[in-house]
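Student: Following this message is one structure expressed as C-alpha coordinates.
The values are calculated or read from the model by the stated rules, or taken from the named source; none is laboratory data. A quick note: this is a predicted structure, and the numbers were derived from the prediction, not measured. FYI the Cβ positions are ideal-geometry reconstructions off the backbone, even for glycines, and counts take in every protein chain you see. When the accessible area is computed, the model is the full protein with side chains, heavy atoms only, and any ligands, DNA or RNA have been set aside. Shrake-Rupley method; radii C 1.70, N 1.55, O 1.52, S 1.80 Å.
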Amino acid sequence: MITNQIIQTSIDELKAITKTDLFVYDLLGEQVAGTCEKTDLQLGLVRDFANSPADSQVIGKHHLLKIYDEGELLYVLVAMGFSDDTYMVGKIAVSQIQNLVIAYKERIDRNSFFQNLILDNMLLVDVYNRAKKLHIEVNAPRVVFLIEAKGEKDGMVTELLKGMFSAQAGDYVTAVDENNVILIKSVEAEVSGKELEGVAETIVDMVSAEAMINVRVSLGTLVGELKDISKSYKEAKMAMEVGKIFYAEKSVAAYHSLGIGRLIYQLPANLCKIFIEEIFGDNVPSELDDETLNTLNKFFENNLNVSETARQLYVHRNTLVYRIERIQESTGLNLRTFDDALTFKIAMMVANYMKYLEEEEI
(Lines give C-alpha, C1' and ligand atoms only; values in the text may rest on other atoms or scores of the structure.)
Protein backbone atom coordinates (compact mmCIF):
# COMPACT_ATOMS: atom_id res chain seq x y z
CA MET A 1 0.00 0.00 0.00
CA ILE A 2 1.12 3.55 -0.73
CA THR A 3 2.55 5.33 2.32
CA ASN A 4 0.85 8.21 4.09
CA GLN A 5 3.93 10.36 3.52
CA ILE A 6 3.59 10.02 -0.27
CA ILE A 7 -0.06 11.08 -0.06
CA GLN A 8 0.87 14.00 2.19
CA THR A 9 3.54 15.19 -0.24
CA SER A 10 1.11 14.94 -3.15
CA ILE A 11 -1.64 17.05 -1.60
CA ASP A 12 0.89 19.56 -0.23
CA GLU A 13 2.12 20.15 -3.79
CA LEU A 14 -1.46 20.58 -5.04
CA LYS A 15 -2.26 23.09 -2.31
CA ALA A 16 0.85 25.10 -3.18
CA ILE A 17 -0.51 25.41 -6.74
CA THR A 18 -4.27 25.73 -6.15
CA LYS A 19 -4.43 27.28 -2.60
CA THR A 20 -7.11 24.69 -1.78
CA ASP A 21 -6.96 22.68 1.43
CA LEU A 22 -7.20 18.92 0.93
CA PHE A 23 -7.69 16.03 3.33
CA VAL A 24 -7.51 12.28 2.86
CA TYR A 25 -9.32 9.82 5.19
CA ASP A 26 -9.31 6.06 5.46
CA LEU A 27 -12.57 4.09 5.40
CA LEU A 28 -12.90 4.33 9.19
CA GLY A 29 -12.89 8.10 9.05
CA GLU A 30 -9.35 8.53 10.39
CA GLN A 31 -7.30 11.30 8.79
CA VAL A 32 -4.40 9.98 6.70
CA ALA A 33 -3.07 13.30 5.43
CA GLY A 34 -4.08 16.95 5.36
CA THR A 35 -2.80 20.33 4.25
CA CYS A 36 -3.79 22.01 7.52
CA GLU A 37 -4.21 20.78 11.08
CA LYS A 38 -7.89 19.88 10.98
CA THR A 39 -11.26 20.46 9.37
CA ASP A 40 -14.61 21.05 11.05
CA LEU A 41 -16.17 18.18 9.07
CA GLN A 42 -17.55 15.49 11.38
CA LEU A 43 -15.78 12.15 10.93
CA GLY A 44 -19.10 10.32 11.07
CA LEU A 45 -20.09 12.05 7.83
CA VAL A 46 -16.91 10.74 6.19
CA ARG A 47 -17.75 7.18 7.27
CA ASP A 48 -21.33 7.54 6.07
CA PHE A 49 -20.13 8.80 2.69
CA ALA A 50 -17.65 5.92 2.41
CA ASN A 51 -20.50 3.46 2.93
CA SER A 52 -22.86 5.21 0.51
CA PRO A 53 -23.17 4.36 -3.21
CA ALA A 54 -22.36 7.97 -4.24
CA ASP A 55 -18.93 8.81 -5.72
CA SER A 56 -19.12 12.46 -4.64
CA GLN A 57 -21.01 14.63 -2.19
CA VAL A 58 -21.04 18.27 -1.09
CA ILE A 59 -21.56 19.15 2.57
CA GLY A 60 -21.32 22.89 3.07
CA LYS A 61 -17.85 23.93 1.95
CA HIS A 62 -16.61 20.33 1.88
CA HIS A 63 -16.45 18.38 -1.37
CA LEU A 64 -16.18 14.64 -0.68
CA LEU A 65 -14.85 12.27 -3.35
CA LYS A 66 -13.86 8.61 -3.37
CA ILE A 67 -10.44 7.21 -4.33
CA TYR A 68 -10.50 3.75 -5.92
CA ASP A 69 -7.97 1.14 -6.98
CA GLU A 70 -9.33 -1.27 -9.60
CA GLY A 71 -12.86 -0.78 -8.28
CA GLU A 72 -11.90 -1.15 -4.62
CA LEU A 73 -12.51 1.88 -2.39
CA LEU A 74 -9.30 2.96 -0.65
CA TYR A 75 -9.75 6.52 0.68
CA VAL A 76 -12.08 9.47 0.90
CA LEU A 77 -10.74 12.83 -0.23
CA VAL A 78 -12.15 16.11 1.02
CA ALA A 79 -11.51 19.38 -0.84
CA MET A 80 -12.44 22.42 1.30
CA GLY A 81 -13.67 25.70 -0.14
CA PHE A 82 -16.63 27.61 -1.59
CA SER A 83 -15.01 28.33 -4.95
CA ASP A 84 -16.43 26.77 -8.09
CA ASP A 85 -12.97 25.33 -8.73
CA THR A 86 -12.85 23.39 -5.45
CA TYR A 87 -14.60 20.34 -6.90
CA MET A 88 -12.26 20.36 -9.91
CA VAL A 89 -9.20 20.53 -7.64
CA GLY A 90 -10.61 17.59 -5.68
CA LYS A 91 -11.03 15.56 -8.88
CA ILE A 92 -7.44 16.32 -9.87
CA ALA A 93 -6.24 15.23 -6.43
CA VAL A 94 -8.21 11.97 -6.70
CA SER A 95 -6.73 11.26 -10.12
CA GLN A 96 -3.20 11.98 -8.92
CA ILE A 97 -3.46 9.77 -5.84
CA GLN A 98 -5.04 6.93 -7.84
CA ASN A 99 -2.14 7.09 -10.32
CA LEU A 100 0.35 7.07 -7.44
CA VAL A 101 -1.33 3.97 -5.99
CA ILE A 102 -1.08 2.19 -9.34
CA ALA A 103 2.56 3.20 -9.86
CA TYR A 104 3.54 2.18 -6.33
CA LYS A 105 1.76 -1.17 -6.62
CA GLU A 106 3.37 -1.83 -10.00
CA ARG A 107 6.77 -1.08 -8.50
CA ILE A 108 6.18 -3.56 -5.67
CA ASP A 109 4.84 -6.13 -8.14
CA ARG A 110 7.93 -5.73 -10.32
CA ASN A 111 10.25 -6.21 -7.36
CA SER A 112 8.38 -9.35 -6.39
CA PHE A 113 8.37 -10.55 -10.00
CA PHE A 114 12.13 -10.18 -10.49
CA GLN A 115 12.97 -11.63 -7.09
CA ASN A 116 10.90 -14.73 -7.84
CA LEU A 117 12.30 -14.88 -11.37
CA ILE A 118 15.97 -14.94 -10.37
CA LEU A 119 15.28 -17.53 -7.66
CA ASP A 120 13.42 -19.82 -10.10
CA ASN A 121 10.22 -19.60 -8.07
CA MET A 122 7.92 -19.18 -11.09
CA LEU A 123 6.47 -21.46 -13.73
CA LEU A 124 7.30 -20.54 -17.32
CA VAL A 125 3.69 -19.70 -18.15
CA ASP A 126 3.51 -17.38 -15.11
CA VAL A 127 6.68 -15.61 -16.24
CA TYR A 128 5.13 -14.62 -19.57
CA ASN A 129 1.71 -13.77 -18.14
CA ARG A 130 3.04 -11.53 -15.37
CA ALA A 131 5.59 -9.91 -17.68
CA LYS A 132 2.79 -8.92 -20.03
CA LYS A 133 0.74 -7.49 -17.16
CA LEU A 134 3.72 -5.50 -15.85
CA HIS A 135 4.67 -4.28 -19.36
CA ILE A 136 8.07 -5.98 -19.26
CA GLU A 137 9.56 -6.97 -22.61
CA VAL A 138 10.14 -10.71 -22.84
CA ASN A 139 12.72 -10.89 -25.62
CA ALA A 140 15.46 -8.38 -24.87
CA PRO A 141 19.21 -8.79 -24.18
CA ARG A 142 19.92 -8.37 -20.47
CA VAL A 143 22.75 -8.95 -18.00
CA VAL A 144 22.50 -9.43 -14.24
CA PHE A 145 24.89 -7.48 -12.01
CA LEU A 146 25.23 -8.49 -8.36
CA ILE A 147 26.35 -5.72 -5.99
CA GLU A 148 27.52 -6.72 -2.53
CA ALA A 149 27.27 -3.90 0.00
CA LYS A 150 27.80 -5.19 3.51
CA GLY A 151 26.70 -2.97 6.36
CA GLU A 152 23.79 -0.82 7.44
CA LYS A 153 23.94 1.45 4.39
CA ASP A 154 22.77 -1.13 1.85
CA GLY A 155 19.47 0.76 1.43
CA MET A 156 21.47 3.79 0.34
CA VAL A 157 23.20 1.70 -2.31
CA THR A 158 19.84 0.52 -3.66
CA GLU A 159 18.52 4.07 -3.95
CA LEU A 160 21.74 5.26 -5.56
CA LEU A 161 21.54 2.49 -8.17
CA LYS A 162 17.91 3.35 -8.89
CA GLY A 163 19.07 6.88 -9.62
CA MET A 164 21.78 5.61 -11.98
CA PHE A 165 19.63 3.05 -13.84
CA SER A 166 15.98 3.74 -14.65
CA ALA A 167 13.08 1.42 -15.47
CA GLN A 168 12.33 3.65 -18.48
CA ALA A 169 15.58 2.41 -20.02
CA GLY A 170 14.63 -1.20 -19.27
CA ASP A 171 16.84 -1.49 -16.16
CA TYR A 172 15.53 -2.87 -12.87
CA VAL A 173 17.09 -2.68 -9.41
CA THR A 174 15.95 -4.88 -6.54
CA ALA A 175 17.40 -5.96 -3.19
CA VAL A 176 17.88 -9.68 -2.64
CA ASP A 177 18.81 -9.52 1.03
CA GLU A 178 20.40 -7.08 3.48
CA ASN A 179 23.80 -7.30 1.79
CA ASN A 180 23.10 -7.82 -1.90
CA VAL A 181 21.44 -5.70 -4.58
CA ILE A 182 20.69 -6.88 -8.10
CA LEU A 183 20.74 -4.79 -11.25
CA ILE A 184 19.04 -6.36 -14.27
CA LYS A 185 20.41 -4.21 -17.06
CA SER A 186 19.09 -3.96 -20.58
CA VAL A 187 21.97 -3.89 -23.08
CA GLU A 188 22.68 -4.03 -26.79
CA ALA A 189 22.87 -7.52 -28.27
CA GLU A 190 26.42 -6.93 -29.54
CA VAL A 191 27.78 -5.52 -26.25
CA SER A 192 31.29 -6.74 -25.42
CA GLY A 193 32.49 -8.25 -22.17
CA LYS A 194 34.86 -5.32 -21.71
CA GLU A 195 31.97 -2.84 -21.96
CA LEU A 196 29.99 -4.78 -19.36
CA GLU A 197 32.97 -4.77 -17.00
CA GLY A 198 33.14 -1.01 -17.59
CA VAL A 199 29.55 -0.69 -16.32
CA ALA A 200 30.52 -2.66 -13.21
CA GLU A 201 33.55 -0.44 -12.60
CA THR A 202 31.34 2.64 -12.98
CA ILE A 203 29.02 1.26 -10.28
CA VAL A 204 31.98 0.72 -7.93
CA ASP A 205 33.31 4.24 -8.55
CA MET A 206 29.91 5.96 -8.24
CA VAL A 207 28.93 4.20 -5.01
CA SER A 208 32.35 4.94 -3.55
CA ALA A 209 32.16 8.62 -4.54
CA GLU A 210 28.50 9.29 -3.67
CA ALA A 211 27.91 7.05 -0.64
CA MET A 212 31.47 6.47 0.59
CA ILE A 213 30.84 2.72 0.53
CA ASN A 214 33.14 0.07 -0.89
CA VAL A 215 31.23 -2.54 -2.87
CA ARG A 216 32.07 -5.61 -4.89
CA VAL A 217 30.33 -6.13 -8.23
CA SER A 218 30.00 -9.33 -10.23
CA LEU A 219 28.16 -10.01 -13.46
CA GLY A 220 26.78 -12.96 -15.39
CA THR A 221 26.63 -13.46 -19.13
CA LEU A 222 24.19 -11.87 -21.56
CA VAL A 223 20.82 -13.61 -21.97
CA GLY A 224 18.26 -12.93 -24.67
CA GLU A 225 15.04 -14.01 -22.95
CA LEU A 226 13.39 -13.04 -19.70
CA LYS A 227 13.16 -16.65 -18.52
CA ASP A 228 16.98 -16.95 -18.63
CA ILE A 229 17.63 -14.11 -16.18
CA SER A 230 17.99 -16.66 -13.37
CA LYS A 231 20.87 -18.22 -15.33
CA SER A 232 22.71 -14.89 -15.52
CA TYR A 233 22.03 -14.33 -11.80
CA LYS A 234 23.51 -17.72 -10.86
CA GLU A 235 26.58 -16.90 -12.96
CA ALA A 236 26.95 -13.53 -11.24
CA LYS A 237 26.60 -15.22 -7.85
CA MET A 238 29.32 -17.73 -8.73
CA ALA A 239 31.54 -14.94 -10.05
CA MET A 240 31.13 -13.09 -6.75
CA GLU A 241 32.28 -16.13 -4.76
CA VAL A 242 35.19 -16.93 -7.10
CA GLY A 243 36.26 -13.29 -7.08
CA LYS A 244 36.33 -13.09 -3.28
CA ILE A 245 38.36 -16.31 -3.01
CA PHE A 246 40.92 -15.94 -5.78
CA TYR A 247 40.91 -12.28 -6.83
CA ALA A 248 40.26 -10.48 -3.54
CA GLU A 249 42.23 -7.43 -4.70
CA LYS A 250 39.72 -6.80 -7.52
CA SER A 251 36.35 -5.15 -6.94
CA VAL A 252 34.82 -6.48 -10.20
CA ALA A 253 34.40 -10.14 -11.15
CA ALA A 254 32.92 -11.17 -14.51
CA TYR A 255 31.73 -14.72 -15.12
CA HIS A 256 33.21 -14.72 -18.61
CA SER A 257 36.73 -13.99 -17.32
CA LEU A 258 37.18 -16.01 -14.13
CA GLY A 259 40.19 -17.84 -15.52
CA ILE A 260 41.67 -20.73 -13.57
CA GLY A 261 39.70 -19.69 -10.49
CA ARG A 262 36.57 -21.12 -12.16
CA LEU A 263 38.22 -24.55 -12.50
CA ILE A 264 39.54 -24.67 -8.94
CA TYR A 265 36.19 -23.55 -7.53
CA GLN A 266 34.53 -26.61 -9.05
CA LEU A 267 37.14 -29.13 -7.84
CA PRO A 268 36.20 -31.59 -5.06
CA ALA A 269 37.71 -30.70 -1.68
CA ASN A 270 39.49 -34.07 -1.30
CA LEU A 271 41.22 -33.61 -4.67
CA CYS A 272 42.41 -30.15 -3.63
CA LYS A 273 43.78 -31.57 -0.40
CA ILE A 274 45.74 -34.28 -2.26
CA PHE A 275 47.19 -31.68 -4.63
CA ILE A 276 48.33 -29.40 -1.78
CA GLU A 277 49.99 -32.29 0.05
CA GLU A 278 51.70 -33.39 -3.16
CA ILE A 279 53.20 -29.93 -3.78
CA PHE A 280 54.03 -28.75 -0.27
CA GLY A 281 53.96 -31.84 1.90
CA ASP A 282 53.90 -30.69 5.53
CA ASN A 283 55.19 -27.20 4.68
CA VAL A 284 52.04 -25.52 3.39
CA PRO A 285 52.61 -21.72 3.34
CA SER A 286 49.12 -20.98 4.72
CA GLU A 287 49.90 -17.39 5.64
CA LEU A 288 52.27 -15.16 3.67
CA ASP A 289 53.10 -11.68 4.90
CA ASP A 290 51.98 -8.67 2.86
CA GLU A 291 55.53 -7.97 1.68
CA THR A 292 55.93 -11.48 0.28
CA LEU A 293 52.48 -11.46 -1.34
CA ASN A 294 53.13 -8.10 -2.97
CA THR A 295 56.51 -9.34 -4.22
CA LEU A 296 54.99 -12.50 -5.71
CA ASN A 297 52.11 -10.67 -7.37
CA LYS A 298 54.49 -8.19 -9.03
CA PHE A 299 56.86 -10.99 -10.02
CA PHE A 300 54.06 -12.90 -11.76
CA GLU A 301 52.65 -9.72 -13.36
CA ASN A 302 56.07 -9.07 -14.92
CA ASN A 303 56.38 -12.59 -16.33
CA LEU A 304 59.12 -13.66 -13.87
CA ASN A 305 61.34 -10.72 -14.87
CA VAL A 306 63.51 -10.08 -11.81
CA SER A 307 64.96 -6.74 -12.94
CA GLU A 308 61.60 -5.18 -13.89
CA THR A 309 59.94 -6.45 -10.70
CA ALA A 310 62.75 -5.01 -8.55
CA ARG A 311 62.43 -1.66 -10.34
CA GLN A 312 58.64 -1.48 -9.75
CA LEU A 313 59.01 -2.49 -6.10
CA TYR A 314 61.85 0.03 -5.57
CA VAL A 315 64.15 -2.67 -4.13
CA HIS A 316 67.61 -3.87 -5.09
CA ARG A 317 67.72 -6.83 -7.45
CA ASN A 318 69.59 -8.89 -4.86
CA THR A 319 66.87 -8.18 -2.28
CA LEU A 320 64.25 -9.57 -4.64
CA VAL A 321 66.37 -12.62 -5.40
CA TYR A 322 66.77 -13.22 -1.66
CA ARG A 323 62.99 -13.13 -1.13
CA ILE A 324 62.45 -15.60 -3.96
CA GLU A 325 65.16 -17.91 -2.60
CA ARG A 326 63.47 -17.89 0.81
CA ILE A 327 60.30 -19.24 -0.80
CA GLN A 328 62.38 -21.84 -2.64
CA GLU A 329 63.93 -23.01 0.64
CA SER A 330 60.52 -23.45 2.30
CA THR A 331 58.67 -25.02 -0.65
CA GLY A 332 61.31 -26.54 -2.87
CA LEU A 333 59.98 -24.56 -5.85
CA ASN A 334 62.23 -22.28 -7.91
CA LEU A 335 59.93 -19.42 -8.88
CA ARG A 336 62.37 -18.21 -11.54
CA THR A 337 61.41 -21.18 -13.72
CA PHE A 338 58.08 -21.19 -15.50
CA ASP A 339 56.92 -24.65 -14.41
CA ASP A 340 57.63 -24.09 -10.71
CA ALA A 341 56.16 -20.58 -10.79
CA LEU A 342 52.96 -21.88 -12.40
CA THR A 343 52.77 -24.74 -9.91
CA PHE A 344 53.24 -22.37 -6.97
CA LYS A 345 50.61 -19.90 -8.21
CA ILE A 346 48.01 -22.64 -8.74
CA ALA A 347 48.90 -24.24 -5.41
CA MET A 348 48.39 -20.96 -3.57
CA MET A 349 45.01 -20.49 -5.25
CA VAL A 350 44.00 -24.00 -4.20
CA ALA A 351 45.23 -23.28 -0.65
CA ASN A 352 43.04 -20.15 -0.57
CA TYR A 353 40.09 -22.25 -1.74
CA MET A 354 40.70 -24.83 0.98
CA LYS A 355 40.84 -22.05 3.57
CA TYR A 356 37.53 -20.68 2.24
CA LEU A 357 35.89 -24.11 2.53
CA GLU A 358 37.11 -24.48 6.10
CA GLU A 359 35.68 -21.07 7.05
CA GLU A 360 32.35 -21.98 5.45
CA GLU A 361 32.10 -25.08 7.64
CA ILE A 362 32.52 -23.08 10.86
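Student: If I ask for residues that are open to solvent by 80 Å² or more (accessible area, probe 1.4 Å) and closer than 18 Å to Gln96 by Cα, which ones from segment 5-30 would you list?
Tutor: Within segment 5-30, Gln5, Glu13, Ile17, Lys19 qualify.
Student: Further question: Within the set of pairs 6+ apart or on separate chains, which have a first residue in segment 13-30 that is in contact (Cβ under 8 Å) with a residue 40 or more places away in the chain and within 13 Å of Leu77 (Cα to Cα), a second that is in a loop (DSSP other than H, G, I, E, B) and of a type outside the set (Ser, Thr, Tyr), and C-beta atoms under 6 Å apart?
Tutor: Listed pairs, sorted by first residue: Thr20/Gly81; Asp21/Cys36.
Student: Do you know which residues across segment 150-175 are assigned to a loop (DSSP other than H, G, I, E, B) and crowded, with 17+ Cβ neighbours inside 10 Å?
Tutor: Phe165, Asp171
Student: Any residue in segment 270-292 that's over 17 Å from Gln328 (Cβ atoms) and among the polar types (S, T, N, Q): show its pairings with residues that are open to solvent by 80 Å² or more (accessible area, probe 1.4 Å) and at pLDDT 80 or above at Cβ separation under 9 Å, as long as the two are six or more apart or on different chains.
Tutor: Cβ pairs passing all conditions: Ser286/Lys355.
Student: So, one more: Condition first: basic (Lys, Arg) and at pLDDT 85 or above. Now tell me which residues in segment 37-75 satisfy that.
Tutor: Matches in segment 37-75: Arg47, Lys61, Lys66.
Student: Gly259 passes all but one of (1) open to solvent by less than 60 Å² (accessible area, probe 1.4 Å); (2) of a type outside the set (A, V, I, L, M, F, W, C); (3) under 30 Å from Ser232 (Cα atoms); (4) touching a residue at least 60 places away in the same chain (Cβ under 8 Å); which number fails?
Tutor: If we test Gly259 against (1) open to solvent by less than 60 Å² (accessible area, probe 1.4 Å); (2) of a type outside the set (A, V, I, L, M, F, W, C); (3) under 30 Å from Ser232 (Cα atoms); (4) touching a residue at least 60 places away in the same chain (Cβ under 8 Å), just (4) comes out false.
Student: Could I ask something else about it? It is to be established whether one or more residues within segment 61-68 are in contact with a Ser or Thr (Cβ under 8 Å, 6 or more places away or on another chain) and of a type in the set (A, V, I, L, M).
Tutor: yes
Student: Further question on the same structure: I'm checking my understanding of the structure. Among residues of segment 201-249 that are of a type in the set (Lys, Arg) and in a helix (DSSP H, G or I), which one is farthest from the chain's Cα centre (by Cα)?
Tutor: Of everything passing the filter in segment 201-249, Lys227 is farthest from the chain's Cα centre (by Cα).
Student: Would you check which residues across segment 224-251 are under 20 Å from Gln115 (Cβ atoms), at pLDDT below 90 and either of a type in the set (Val, Ile, Thr) or open to solvent by 40 Å² or more (accessible area, probe 1.4 Å) (or both) and list them?
Tutor: Glu225, Lys227, Asp228, Ile229
Student: Shifting gears a bit: Give the number of residues within segment 190-222 that are closer than 16 Å to Phe165 by Cα, among the hydrophobic types (A, V, I, L, M, F, W, C) and open to solvent by 50 Å² or more (accessible area, probe 1.4 Å).
Tutor: Within segment 190-222, residues that are closer than 16 Å to Phe165 by Cα, among the hydrophobic types (A, V, I, L, M, F, W, C) and open to solvent by 50 Å² or more (accessible area, probe 1.4 Å) number 1.
Student: Also: Within segment 31-48, count every residue that is open to solvent by less than 20 Å² (accessible area, probe 1.4 Å) and in a helix (DSSP H, G or I).
Tutor: Adding up the residues that qualify gives 1.
Student: Yes or no: Met349 open to solvent by less than 30 Å² (accessible area, probe 1.4 Å) and closer than 22 Å to Glu249 by Cβ?
Tutor: Taking the combined requirement at face value, the residue satisfies it.
Student: Restricting to segment 34-61, name every residue that is within 23 Å of Asp84 (Cα to Cα) and of a type in the set (Gly, Ala, Ser).
Tutor: Those that are within 23 Å of Asp84 (Cα to Cα) and of a type in the set (Gly, Ala, Ser): Gly34, Ala54, Ser56, Gly60.
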